[in-house]
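Structure, as structure tokens:
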Ligand code: TXA
Ligand code: MG
């Protein structure tokens, strides 16, 4: 039977206590949650997503104290970030305590930790006496879900229940910060802008999000967030002919877009935020990639956003979606 969609927190808690899998709302994206201390549940998460076992999971708890209990060491910069941004769209990668299984951490000596900000999921976590392991609730390599229906569309027959908390407020996954040699390093750009992290810490941080030879965040393979159509990054200086060769284009606050189609030769425009609001663009990104994936387009063009604030994380996802 396909998973039903519910707002009943106690029902979700009962499924999780029994070792089942529940999709949970967070402020970033929906997660596919199971008891992080139950190997059967964790194995089930990898299977439902078709996710390779070398790609570790984030564990979630209701408060900074409860989640930091799984780290064997917390550098001062990690403590400062936890204090400033939890609950919120931040994940810290820290040396793990032995209580965290190698299944969750994919054999790494570190574990990814987060306190999500969605009220329903925080209440759920408060009612449980174990943390939740939760990757984004999409099949491996695809676009992350930002509504309960997105989860149902792709995973309904693989999981037990979907807890509906409405559309995600941020719409991009959490920013992941690790501490190789004790120094804060961005491992994945996300819903917390790099600039905010730097201003809290009072110094610049390294950004190291590309897993080429030495994957620090193994899930950050270049081809991720695939919408299932061919996408090309377009330069601002592209010619009218290049533009006309596209079936659709993704734009941001584009003033020159045609009001009407000229009978089939000009592309359909998807504007992530006509008013130029990066937070709105972040919320619209994954739903737009999903819509585009549902059309039978041959060629989709993308204009990158300003490389600042949330624009940096949005561009990261667009580049990955366009990578082949
Ligand atoms: O916003 C989010 O972070 C969402 C919500 C549900 O919390 N979760 C999420 O999980 O995006 P997932 O599994 O889709 O992405 C987590 C990323 C993966 O790229 C994984 O490789 C990386 O975190 N990761 C997990 N543990 C790690 C570790 N110990 N060291 C480095 N990277 C790690
Ligand atoms: Mg993911």
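The values are calculated or read from the model by the stated rules, or taken from the named source; none is laboratory data. Owing to the predicted nature of the structure, the values given are computational and were not obtained by experimental measurement. Positions of Cβ are generated from backbone atoms using ideal geometry, with glycine treated the same way; all protein chains shown enter the neighbour counts.
Values computed for the structure shown
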{"read-out": "Pairs with Cβ under 8 Å, 6+ apart, first in region 133-155 and under 21 Å from residue 322 (Cα atoms), second away from ligand 1 (no atom under 13 Å from the Cβ) and in a strand (DSSP E or B)", "value": "141/226; 142/226; 143/226"}
{"read-out": "Given (1) within 13 Å of ligand 1 (Cβ to nearest atom); (2) in contact (Cβ under 8 Å) with a residue 40 or more places away in the chain; (3) in contact with a strand residue (DSSP E or B) (Cβ under 9 Å, 6 or more places away or on another chain), number of the condition residue 122 does not satisfy", "value": "(3)"}
{"read-out": "Test result for residue 53, in the same structural domain as residue 190 (by TED's automatic domain parsing), within 13 Å of ligand 1 (Cβ to nearest atom) and over 18 Å from residue 160 (Cβ atoms)", "value": "yes"}
{"read-out": "Strands (runs of 3 or more DSSP E) completely within region 1-49 that count 2 or more residues being in the same structural domain as residue 164 (by TED's automatic domain parsing) and closer than 20 Å to residue 67 by Cβ", "value": "22-24, 31-35"}
{"read-out": "Qualifying residue in region 145-162 (condition: within 12 Å of ligand 1 (Cβ to nearest atom), part of a loop (DSSP other than H, G, I, E, B) and at pLDDT 95 or above)", "value": "yes"}
{"read-out": "Check on residue 221, in contact with a helix residue (DSSP H, G or I) (Cβ under 8 Å, 6 or more places away or on another chain), surrounded by 15 or more Cβ atoms within 10 Å (Cβ to Cβ) and either at pLDDT 95 or above or not assigned by TED's automatic domain parsing to the domain that holds residue 173 (or both)", "value": "no"}
{"read-out": "Residue list for region 289-324, restricted to those being closer than 20 Å to residue 245 by Cα and assigned to a helix (DSSP H, G or I)", "value": "289, 291, 292, 293, 294, 318, 319, 321, 322"}
{"read-out": "Residues of region 163-173 classified as closer than 13 Å to residue 9 by Cβ and within 13 Å of ligand 1 (Cβ to nearest atom), total", "value": "2"}
{"read-out": "Test result for residue 129, in contact with a strand residue (DSSP E or B) (Cβ under 7 Å, 6 or more places away or on another chain), more than 8 Å from ligand 1 (Cβ to nearest atom), more than 25 Å from residue 75 (Cα to Cα) and at pLDDT 95 or above", "value": "no"}
{"read-out": "Single condition residue 209 does not satisfy, out of (1) farther than 30 Å from residue 2 by Cα; (2) within 11 Å of ligand 1 (Cβ to nearest atom); (3) at pLDDT 90 or above; (4) surrounded by 16 or more Cβ atoms within 10 Å (Cβ to Cβ)", "value": "(3)"}
{"read-out": "In region 73-103, the residues that are surrounded by 15 or more Cβ atoms within 10 Å (Cβ to Cβ) and in a loop (DSSP other than H, G, I, E, B)", "value": "74, 75, 86, 87, 88, 89, 100, 101"}
